[in-house]
Amino acid sequence: MPRTEPALESVVIGAESTATHWYSDLVPAGLRRSWARSGYYPGRDVYDLFARHRTRHPDKPAVVDADGVVTYAELDDQARRLATGLAALGIGTDDVVAVQLPNSRLACAVDLAVAALGAVVLPFPVGRGSREAASLLRRSHAVAVITPAEYNGFPCAGSIRELAADLPALRAVIAVGRHAARGCVPLHALLATDAGEFRPRSTDPDGPARILVTSGSEAEPKMVLYSHNALTGGRGATLAALADNPATMRNMFLVPLASAFGSSGTAVTLAAFGATLVLQPKFDAAATLAMIDKARPTHLLGVPTMLRMVLDHPALATTDTSSLRAVVVGGSAIDELTVRKGRDLLGCPVVNLYGSADGVSCHTALDDPPERATTAGRPDPVVADIRITDSAGIDLPAGSVGEILSRGPMSPICYVGDRALDHALRTPDGWTRTGDLGILDSDGYLTVVGRRKDVVIRGGLNISPAEVESLLITHPAVTDVACVAVPDPLYGERMCACIAATVPLTLDDLTGHLLAAGLEPRKLPERLLQLPTLPLGPAGKVDRRVLRERAVHTEG
């Protein structure tokens, strides 16, 4: 096979790699060592774990996607060729490689290739604009980005290549697709390399592996750095609790693998468990049901809106869902009625997962009763301990509302490119201040009640959207809901209820239901936006920014 290095080098933007040790672990080293001694960490890097499964069962299905089935051996071959090509571009230890790809075998192979080089992967979902992409690349000092040449008519690779002058660390833009943009490295050039001599680099399992990006409610999404151990051990324990034998799991991710939720795809399902991933390039209820019939997943992982759309789709009546062992939903609150409906129609438990990129995860158990559905279950110290504190950081008694603090084997290393966040959100002894408000009851169950900053402030009154949403979803015609603030010249803000429903509803219909449920009149929404479905953002969650923009133009 002819050498491809000169062709790759000809489209390198910068010069030499500038990787340095740009991170500091904010969890005390003694704690990390104690978790390792307790067996909470595998003590191996992501690629090493994956390679061991590839050796043990090369012919086992690794990924089932829109193109069919790829085995562990086939996925490893693709990952090694990609790693060889990336190495030819000068990418090495601790370099950051940004990845913007839809769910597919390629996304998994890229994850593994970056890990095999000892580099750090920064995934972010397709669909985010060039402005946000530029922010992530600039703040992370990414040396390369792998992105579609075109996605939904938008020239992803070309638009990032045009920003190269403002991204001094960026060395290469790698374009995926038939027609690569000018000045970009075509992906097929990387895949054409000969990986016969490639040797993966041995990586410190407590070193950086992946940067998780928050869903984007902030002006600039936070970037959170995770180690190999925290991903495969800490976050892995979250999913391991949902199966008798994690190796037999067939996890179908409805959310992007590039999201924080999706980080349990390659690193956990493949590398930690040696199990099978079931993927589709983007969420669609009909396509999801067809894939359940075809690929026989054991676990569905998505957000509540996705579950509701699947449950309401007429094709469900003719879909064989008997392979399902659990549906795991997170990203926003879920109600008991949806949990019961999901259990009845899908024939398996619906697990409520509370988690975030910042370093917290907790979920209900498979055998928890439906009335516990609106809680986040009991914290598991193998994943993360949880405290409820007041504004001074003092622990509160059971039943009190306070801020949720988290620390455990899944705790991330630090925030990327923002020392102020490290100072504001991490304590000296390694706890993460999540900014979420919650209650731990006397039985140890956690209930999340909202966010400190996620309030509608109407004339000095703080109204929790989560409280109103939890009541609106119990209306028999409402299938999905999100409440957002809209500017108001008199009160500062008013609340708009954004809903999807089976029939047209009026604001009076909703406020009457809320009053009957016992909501204080002063907390009632004052505007209504009804849509066929609520819009989902690139990370798979309801896009509140889009709803706020649309709500501004609704009638008062």
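Overview of results
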| quantity | calculated |
| --- | --- |
| Overall dimensions of segment 456-551 by Cα: Rg and Dmax, Å | 12.7, 36 |
| Share of pairwise Cα separations in the chain, more than 33 Å, in percent | 41 percent |
| Pairwise FRET efficiency - residue 531 versus residue 320, Cβ, R0 = 45 Å, nearest 0.05 | 0.90 |
| Full-stretch length increase - residue 93, residue 194 - with 0.36 nm per residue and alpha-carbon distance subtracted | 34.3 nm |
| DSSP beta bridge pairing in the chain, given as percent antiparallel to the nearest 5 | 55 percent |
| Label-reachable residues, segment 242-264, where backbone N falls under 14 Å from a point 7 Å from residue 313's Cα toward its Cβ | 252-255 |
| Per-residue [θ]222 nm for the chain (sum of -39500 (n - 2.57) over DSSP H runs n ≥ 4, rounded to 500) | -7500 deg cm²/dmol |
| Simple label model, 7 Å out from Cα along Cβ direction - residue 152 to residue 442, nm | 5.0 nm |
| Gain on full stretching of the segment that runs from residue 422 to residue 67 - 0.36 nm per residue minus C-alpha separation | 123.6 nm |
| Among the listed pairs 282/523; 60/282; 341/541; 294/341, those beyond 29 Å (Cα-Cα) | 282/523 |
| Pairwise centroid distance, computed over Cα atoms, of segment 511-547 with segment 94-114, Å | 36 Å |
| C-alpha center-to-center spacing [segment 204-278, segment 385-422] in angstrom | 21 Å |
| Sites residue 488 and residue 546, calculated FRET efficiency, Cβ-Cβ separation with R0 25 Å, nearest 0.05 | 0.80 |
| Difference of contour (0.36 nm per residue) and Cα-Cα distance, residue 365 to residue 204 | 54.7 nm |
| Using alpha-carbon coordinates, inclination of helix 507-516 to the longest axis of the chain, degrees | 70 degrees |
| Computed FRET value (nearest 0.05) for residue 554 with residue 247, which takes r as the C-beta separation and R₀ as 51 Å | 0.50 |
| Counting DSSP beta bridges with both ends in segment 456-551, the antiparallel % (nearest 5) | 80 percent |
| Packing rank of 293-303, 229-239, 59-69, where each peptide gets the mean count of other beta carbons within 10 Å, highest leading | 229-239, 293-303, 59-69 |
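Read the figures in this text as sums done on the coordinates, not as results from a lab. As the structure is a prediction and not an experimental result, all values here were calculated from the model. Glycine also receives a Cβ, built like all others from the backbone with ideal geometry; neighbour counts cover every protein chain displayed.
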